[in-house]
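Derivation of every value follows stated rules applied to the coordinates shown; laboratory data play no part. These figures come from a predicted structure and were not determined experimentally. Cβ atoms come from the backbone with ideal geometry, glycine included; neighbour counts cover every protein chain shown.
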Amino acid sequence: MPAKVALITGAARGIGYGIATCLARQGTRIVIADMNGTSAKKSAAQLAQDTGVKTLGLACDVTSRTQVAALVKKTIKQFGQIDILVNNAGICPFVDIMAMSEDVFKKTLDVNLTGAFHCTQLVAKEMIKRGKGGRIIFITSLAVNVSSAAQGDYAASKAGLHMLMKSFAIALGPKGITCNGVAPGMILTDMTKFHWEKPEPAAFVKQRVPVGRIGTPEDIGNAVTLLCSDAAAYINGVGLIVDGGHQAVCA
Ligand code: NDP
């Protein structure tokens with residue numbers, strides 16, 4: 001049986017690359033899709049060198065349905081199948097909601113929510129055609145339930161993404177395709193390092209997160225791997241919080 005194929009968006013760096021690394025360690029062939037095609041190719045080459053799996057790096061802006069369709073076509077042409085899709089590409093501009101322009105608001109929804117709609121619909125059609133089921137993971141956030149004044153656009157997009165995941169879980173479950181969310185807590189990546197590398201927030205993490213450390217991209221990759229394993233066949237339409245216990249703390 002040929003090795004499985006996973007397509008991960010926004011995977012040239014950060015959490016996406018952590019997910020790619022963990023799935024590759026299981027022998028899964030990996031497609032790294034990212035806005036920047038050069039970075040995608042470079043990361044795919046690095047991953048192949050580190051893990052020995054076959055990889056492909058492709059440019060794709062998830063907000064463009066045309067580009068997503070081309071991404072799916074190229075993946076099928078190269079690897080013949082898609083078993084796993086991870087909707088990971090996301091942005092968080094951190095602008096106060098009262099000062100936010102319409103353009104910023106719309107762009108966040110476009111990347112974080114509409115992008116996942118395009119990818120899921122187009123990949124799921126291929127999965128259905130092949131008839132062997134599949135796994136689709138949506139990278140959401142603790143912002144599905146909580147927000148801040150600087151995350152109005154982001155929280156709206158992620159709460160929407162959580163419900164989009166549920167809708168696809170209902171539509172695709174009968175086809176043997178499961179859809180689930182993974183909600184990362186505080187993870188050290190380029191998106192967040194400006195904040196967490198300062199001394200005070202670092203101390204806050206130690207005090208606030210029960211496991212006593214900030215999360216890594218591979219913490220999220222391991223959770224995604226779990227949900228993509230055969231053992232997770234009956235898990236569908238749920239969100240898994242992966243935050244070291246952060247959200248369990250009441251004050
Ligand atoms: P990063 O900013 O480190 O990486 C995001 C990646 O997505 C970049 O490679 C970026 O490309 C790419 N990207 C951005 N826009 C698009 C687009 N339109 N199409 C394709 N790719 C795109 O983010 P993280 O790794 O931290 O975040 C990954 C996901 O995890 C996001 O959905 C985020 O919301 C979520 N998350 C992150 C948390 C954290 O603490 N870090 C917490 C909760 C959720 P480029 O470099 O070219 O811009």
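In percent, rounded to a whole number, the relative contact order of segment 118-251 is 28, using alpha-carbon pairs under 8 Å and six or more apart. On a 0 to 90° scale, report how tilted helix 37-51 is relative to the longest principal axis of the chain, with both axes built from alpha carbons and the result rounded to the nearest 10. Its long axis makes an angle of about 80 degrees.
Relative contact order of segment 95-155, please, whole-number percent, based on alpha carbon pairs below 8 angstrom and at least 6 residues apart. Before the final figure, lay out the partial values.
Numbers: 28 pairs, mean separation 37.0, N = 61.
So the answer I get is 61 percent.
Mind pulling the angle between the C-alpha long axis of helix 115-130 and the longest principal axis of the chain? Nearest 10 degrees, somewhere in 0 to 90. Value to nearest ten degrees: 30. Once C-alpha pairs closer than 8 Å and six or more residues apart are averaged by separation and normalised to the residue number of the chain, the relative contact order reads 20 percent.
About its Cα centre, the chain has a charge dipole of approximately 940 debye under the convention of +1 per Lys or Arg Cβ and -1 per Asp or Glu Cβ, with nothing else charged.
Restricting attention to segment 104-160, lysine pairs at least eight places apart or on different chains and with alpha-carbon atoms under 26 angstrom apart total 4. As a rough footprinting exposure proxy, the listed residues Glu102, Glu197, Glu126 were ranked by other beta carbons within 10 Å of their own, and the order from fewest upward is Glu102, Glu197, Glu126.
Based solely on its DSSP helices, what 222 nm [θ] is calculated for the chain when runs of n ≥ 4 H residues each add -39,500 (n - 2.57) and the sum is averaged over all residues, nearest 500 deg cm²/dmol? Can you show the working numbers first?
Values: 9 runs with 113 residues, N = 251.
Estimated from H runs of four or more residues: -14000 deg cm²/dmol.
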